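Below is one structure, written out as structure tokens, with a few remarks after it.
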Amino acid sequence: MKKLQEEVLSRRTFAIISHPDAGKTTLTEKLLLFGGAIREAGTVKAKKTGKYATSDWMEIEKQRGISVTSSVLQFEYNDIKVNILDTPGHQDFSEDTYRTLMAVDSAVMIIDAAKGIEEQTLKLFKVCSMRGIPIFTFINKLDRQGRPPLELLSELEEVLGIQSYPMNWPIGMGQDFMGIYDRYHSRVELFKTKEYTKLPLNEDGQLQESHEIEESPVYQQALEEIELLNEAGNPFSKEAIDQGQLTPVFFGSALNLFGVQTFLETYLQFAPPPKGRNSTSGVVDPLSQDFSGFIFKIQANMNPAHRDRIAFIRICSGQFERGMSVTLARTGKNIKLSQSTQFLADDRTTVNEAVAGDIIGLYDTGTYQIGDTLVGGKNTFEFERLPQFTPELFVKVTAKNALKQKHFHKGMQQLVQEGAIQLFKTARTDEYILGAVGQLQFEVFEHRLKNEYNVDILMEPMGSKIARWVDADKVDEKLSSQRSMLVKDRYSRFVFLFENDFALRWFQEKNPAISLYQPMEDRS
Ligand code: G4P
């Protein structure tokens, strides 16, 4: 029992949120280097550029050189077991990306110092902020000229609405980048020097022993800015970090492996171990002995050679053991968990044991659905429902060959269950409409129906729409028009697809009695 608790408390499970090109792949690779999970730098990167073709998950990944799927990596550092859940880095991302954030206990936000807060970072940040999880910020690419650090900080606070506390501060930037002044560890870390790289500071925040860096104007400027932060900045507060109200900010350069270790060590010190989660029978204690977890992602045919389907489960309490029996709360059915895989760097390895905080992949033959709860103890309960995210793009879809209808419907149902796209039907004519958060999902869908179900489809783009669910069981079909199309989701709930903001407002003015909502309210 004590051992199990120690194991659970040693878990740190997080995802990296960023806009494409901010340096997520590079930072992940460097973190894995410290943990010794990969043998050489470049492995993760190579996969991205398509050189890593042997067991590539999908043809489309190779074709486009992007990561379509989220993967899970685990490494160990200073007796802490770190799980990183990857989020697709392309500008088109899916509900999967959002949902991955439901399975983590904290997030690392990477910002490109030259670009500041970008669109995708903002979207992902909002989902993390909705959950109130701790967010740690890494401002990257200090070896290049970027925006002034004070400006980046105020943008962070204004755009994201979160307080910040710089744990360290850059000394110069670009060609003048000399290192970081580490407020938290009271030391200066020098960039690219052969001599000892960490210079201790005294109580007044000055170097204990004089060093030539003191002559440099960028160092003097950094000292002035730090004084400003000491006087006017937010105070450091662990509670505020825990509640996701204050983000510790780190500066560095992932590519140059500078500031990364300091970041990792400080992150691991403050990042929370698995927390309790709400369920139909109250908060489930991660330290409890009974196994429980929920499925946040289902991935079909990850490896074409295997033709399998993997359900990713986040363990929330207790311990997973291969071959154990659990109850699928939705159906009450008993299931023996005999085939499981965990994703350690590039290799799939079989997992025999895993505890709360870990993510495992379960071999699935169509048993699981996204959001399913699995419980090992006598009490059966369900975890809080995962939020549904509002799709923004829509296409009408039909099978090219009428004789392939059966395969078409089967493929459609299975892929929709994975949750990366949402299925709707027109209210009157039952035509299929797909909705997604990003355009790429349609391409992936088309590609997979062809390759996995041998069905060619026709997709007629409908463009971007504003989807709003109707809070009523009945809707007058006459309200459906070109600008406000009435459809049903796969649970037969009515949804209007509005052409634009204007159409939505016009509709609301004309029909004040109809209450509209979004599955996950945008809190901004
Ligand atoms: P992503 O996963 O967030 O999309 O970003 P990724 O790590 O692939 O990094 C995007 C680009 O930024 C890469 O360059 C990478 O080398 C570069 N980069 C990452 N960290 C740093 C840094 O600290 N400093 C500098 N100067 N560059 C950094 P690329 O040219 O797109 O790829 P490559 O040709 O270098 O592989």
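The values are calculated or read from the model by the stated rules, or taken from the named source; none is laboratory data. Predicted model only: the values in this text are computed from it and were never measured. All Cβ positions, even for glycine, are placed from backbone atoms using ideal geometry, and neighbour counts span all protein chains on display.
Structural remarks
- Some residue of the stretch 150-161 being in contact with a strand residue (DSSP E or B) (Cβ under 6 Å, 6 or more places away or on another chain), crowded, with 20+ Cβ neighbours inside 10 Å and not aliphatic (A, V, I, L, M): no
- Test: residue in the stretch 390-400 that is over 30 Å from Leu504 (Cβ atoms), more than 19 Å from the chain's Cα centre (by Cα) and without any contact (Cβ under 8 Å) to a residue 40 or more places away in the chain: no
- Elements of type strands (runs of 3 or more DSSP E) in the stretch 233-339, at least 2 residues being in contact (Cβ under 8 Å) with a residue 24 or more places away in the chain and within 16 Å of the ligand (Cβ to nearest atom): 246-251
Residues checked against (1) farther than 21 Å from Thr100 by Cβ; (2) part of a loop (DSSP other than H, G, I, E, B); (3) not basic (Lys, Arg):
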{"position": "His407", "(1), (2), (3)": "yes, no, yes"}
{"position": "Gly411", "(1), (2), (3)": "yes, no, yes"}
{"position": "Gln417", "(1), (2), (3)": "no, no, yes"}
{"position": "Lys425", "(1), (2), (3)": "yes, no, no"}
{"position": "Ile433", "(1), (2), (3)": "yes, no, yes"}
{"position": "Gly438", "(1), (2), (3)": "no, yes, yes"}
{"position": "Glu443", "(1), (2), (3)": "no, no, yes"}
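- Candidate set: the stretch 182-226, residues that are under 36 Å from the mean Cα position of the chain (by Cα) and in a loop (DSSP other than H, G, I, E, B); chosen: the one nearest to Pro149 (Cα to Cα): Arg183
- Test result for Arg468, surrounded by fewer than 14 Cβ atoms within 10 Å (Cβ to Cβ), under 23 Å from Pro519 (Cβ atoms) and touching a helix residue (DSSP H, G or I) at 6+ places or on another chain (Cβ under 8 Å): no
- Residue match in the stretch 375-388 (condition: within 23 Å of Thr100 (Cβ to Cβ) and either in a strand (DSSP E or B) or assigned by TED's automatic domain parsing to the domain that holds Val470 (or both)): yes
- For the stretch 439-481, residues that are closer than 21 Å to Ser492 by Cα and not hydrophobic (A, V, I, L, M, F, W, C) total 10.
- Residues satisfying the stated conditions in the stretch 380-429, i.e. β-branched (Val, Ile, Thr) and either surrounded by fewer than 15 Cβ atoms within 10 Å (Cβ to Cβ) or at pLDDT below 90 (or both): Thr390, Thr398, Val416, Ile421, Thr429
- Phe507 falls short on exactly one of the conditions (1) assigned to a loop (DSSP other than H, G, I, E, B); (2) in contact with a helix residue (DSSP H, G or I) (Cβ under 9 Å, 6 or more places away or on another chain), and that condition is (1).
To keep it simple, each residue is scored yes or no on (1) among the hydrophobic types (A, V, I, L, M, F, W, C); (2) over 29 Å from Arg11 (Cα atoms).
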| residue | (1), (2) |
| --- | --- |
| Asp105 | no, no |
| Lys123 | no, no |
| Lys126 | no, no |
| Met130 | yes, no |
| Glu151 | no, yes |
| Leu156 | yes, no |
| Gly161 | no, no |
| Pro170 | no, yes |
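- Pairing residues of the stretch 142-163 that are in contact (Cβ under 8 Å) with a residue 24 or more places away in the chain with residues that are among the charged types (D, E, K, R) and more than 16 Å from the ligand (Cβ to nearest atom), at Cβ distances under 9 Å and at least 6 apart in sequence or on separate chains, gives Arg147/Glu155; Pro149/Glu225; Leu150/Glu225; Leu160/Lys126; Gln163/Glu157.
- Residue check for Thr398: in the same structural domain as Tyr517 (by TED's automatic domain parsing) and either part of a loop (DSSP other than H, G, I, E, B) or in contact with an Asp or Glu (Cβ under 8 Å, 6 or more places away or on another chain) (or both): yes
- Conditions (1) of a type outside the set (Phe, Trp, Tyr); (2) surrounded by fewer than 22 Cβ atoms within 10 Å (Cβ to Cβ); (3) assigned to a helix (DSSP H, G or I): number failed by Arg147: (3)
- Test: residue in the stretch 181-199 that is surrounded by 14 or more Cβ atoms within 10 Å (Cβ to Cβ), at positive phi, among the charged types (D, E, K, R) and in contact with an Asp or Glu (Cβ under 8 Å, 6 or more places away or on another chain): no
- For the stretch 1-31, a residue qualifies if it is of a type in the set (S, T, N, Q), surrounded by fewer than 21 Cβ atoms within 10 Å (Cβ to Cβ) and part of a loop (DSSP other than H, G, I, E, B), and exactly one does: Ser10.
- Candidates in the stretch 11-29 are the residues that are within 10 Å of the ligand (Cβ to nearest atom) and polar (S, T, N, Q); of these, the one that is nearest to Ala114 (Cα to Cα) is Ser18.
- Within the stretch 109-160, the set of residues being touching a Ser or Thr at 6+ places or on another chain (Cβ under 9 Å), more than 16 Å from the ligand (Cβ to nearest atom) and among the basic types (Lys, Arg) comprises Lys126 only.
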